[in-house]
Amino acid sequence: MKLLIFEYATALGLDDPSLTVEGTHMLKGLVDDLDNANTSYLISSDSPELKSSSNCTPISINGDLSLWLDENISNYDACLAVAPEEDRILYNITHLLEENNIKVIGSSSEAVLACSDKYRTYQLLEDKFPLINSEKVFFNELKEYKNQMSKLDKMLVKPADGVSCSGVRIVQSYAEFIRASAQIKKTTKLPFFILQDYQKGASASVSVLSTGEKATPISLNRQDILLKDGRLVYNGGEVPYEHRLSDEALELSKNAVKSITGLRGYVGVDLVMDDEEDEIYILEINPRLTTSFVALRRLVNFNLTEAIINASHGRLPQDIEIKGSLTFRKDDSIIFK
């Protein structure tokens, strides 16, 4: 199988350390796992050279990624693309692969589309799973929330197609609500955003491998999320996360992934775990590699990237073991402890 791998930020050569640091680590992990000449990976001529001794073939590109894919993707049998959901970026890439009959190592375009809009995901999961009450708010209807905002304690506002904690803010007044919505409007093409009840608890995620019909949870991971000037900031995490609700979190995430048709390969499920109420709430589903991958691949008793490929072909790993743990911090680098 002739396989192409790329990570969106490093393939574009983005000059944004907050994005490229994660992208570089994910790309390197994939390339190191697949150490063979039948695998190629894209890297922008504007990105630093990937420091890897792998036998995978680097392809330097200069210019438009979409144009390169249009002209060259037919030379490959399969593709593993790591890209954000915002602005339908991951959906458009996946759809292009499907149109060219390239095997997608990951979720179908329809599954990506369903999870790219967090409110649509909410609708798909509600009445089946424990969720935090959420509402779709249109930018042209903000005045309708003035009375509601005068009575609230804490609420969350966030982009419906955001990634990580980008654009997520806690608001406690109508004025804060207006300012937060104005910031979101600058970063999204959607005509709406999400207003969500504030739910206290530990932030976590579950890494899941899925065939599209069956799913296996691999690890519960802690997310280190800080509150800074009303904004939520993702600062790293810990893999695995030992918690008394671990078994319930793994089972809940597995079932949530199975409930959405077309989720395949590596899928991340974000959660809030409320110790006081013994309750776990699903926040969102990420139909792609997440940052936890860079730590998890070092700890599992199998080649995680090969397992992602196998899952996309209908095979899941058996006898999963995680040896040790890793804590990582994300700033302008990723540092493991």
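Quick rundown of the values:
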read-out	value
Segment 11-33 - residue that is modelled with pLDDT of 95 or more and out of contact with any Phe, Trp or Tyr (no Cβ under 9 Å at 6 or more places or on another chain) and, of those, surrounded by the fewest Cβ atoms within 10 Å (Cβ to Cβ)	D32
Filter result (buried (at least 22 other Cβ atoms within 10 Å of the Cβ) and of a type in the set (A, V, I, L, M)) within segment 216-248	I218, L220, V239
Residues being surrounded by fewer than 21 Cβ atoms within 10 Å (Cβ to Cβ) and assigned to a helix (DSSP H, G or I) - total across segment 155-180	5
Selection status of L124, outside the structural domain of T261 (by TED's automatic domain parsing), under 18 Å from S210 (Cβ atoms) and part of a helix (DSSP H, G or I)	no
Every pair of residues 6+ apart whose Cβ atoms lie under 8 Å, when the first sits in segment 154-180 and is farther than 23 Å from Q223 by Cα while the second is of a type in the set (A, V, I, L, M) and part of a helix (DSSP H, G or I)	S173/M149; Y174/M149; F177/L142; F177/M149; I178/L142
Qualifying residues in segment 181-205 (those that are of a type in the set (K, R) and in contact (Cβ under 8 Å) with a residue 40 or more places away in the chain) - the one surrounded by the most Cβ atoms within 10 Å (Cβ to Cβ)	K185
Scan of segment 260-315 for residues that are in contact (Cβ under 8 Å) with a residue 24 or more places away in the chain and aromatic (F, W, Y), ordered by number	Y266, Y281, F293
Top-ranked residue in segment 285-304 [being assigned to a strand (DSSP E or B) and either under 13 Å from the mean Cα position of the chain (by Cα) or not assigned by TED's automatic domain parsing to the domain that holds Q223 (or both); ranked as nearest to V104 (Cα to Cα)]	N286
D87, sole failed condition from (1) in contact with a Lys or Arg (Cβ under 9 Å, 6 or more places away or on another chain); (2) modelled with pLDDT of 95 or more	(2)
Pairs, first on the phi > 0 side of the Ramachandran plot in segment 62-73, second of a type in the set (G, A, S), C-beta under 9 Å, six or more apart	G63/S44; G63/S45
Count of residues meeting criterion [of a type in the set (A, V, I, L, M) and over 26 Å from T211 (Cα atoms)] in segment 221-255	5
Flag for Q148 being in the same structural domain as A249 (by TED's automatic domain parsing), farther than 23 Å from A202 by Cα and without any contact (Cβ under 8 Å) to a residue 40 or more places away in the chain	no
Residue tally, condition surrounded by fewer than 23 Cβ atoms within 10 Å (Cβ to Cβ) and within 16 Å of G162 (Cα to Cα), over segment 269-281	1
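The values are calculated or read from the model by the stated rules, or taken from the named source; none is laboratory data. Note that the coordinates shown come from a computational prediction; the quantities given were computed from them, not determined experimentally. Note: ideal-geometry Cβ built from the backbone for every residue, glycine included; neighbour counts use all protein chains shown.
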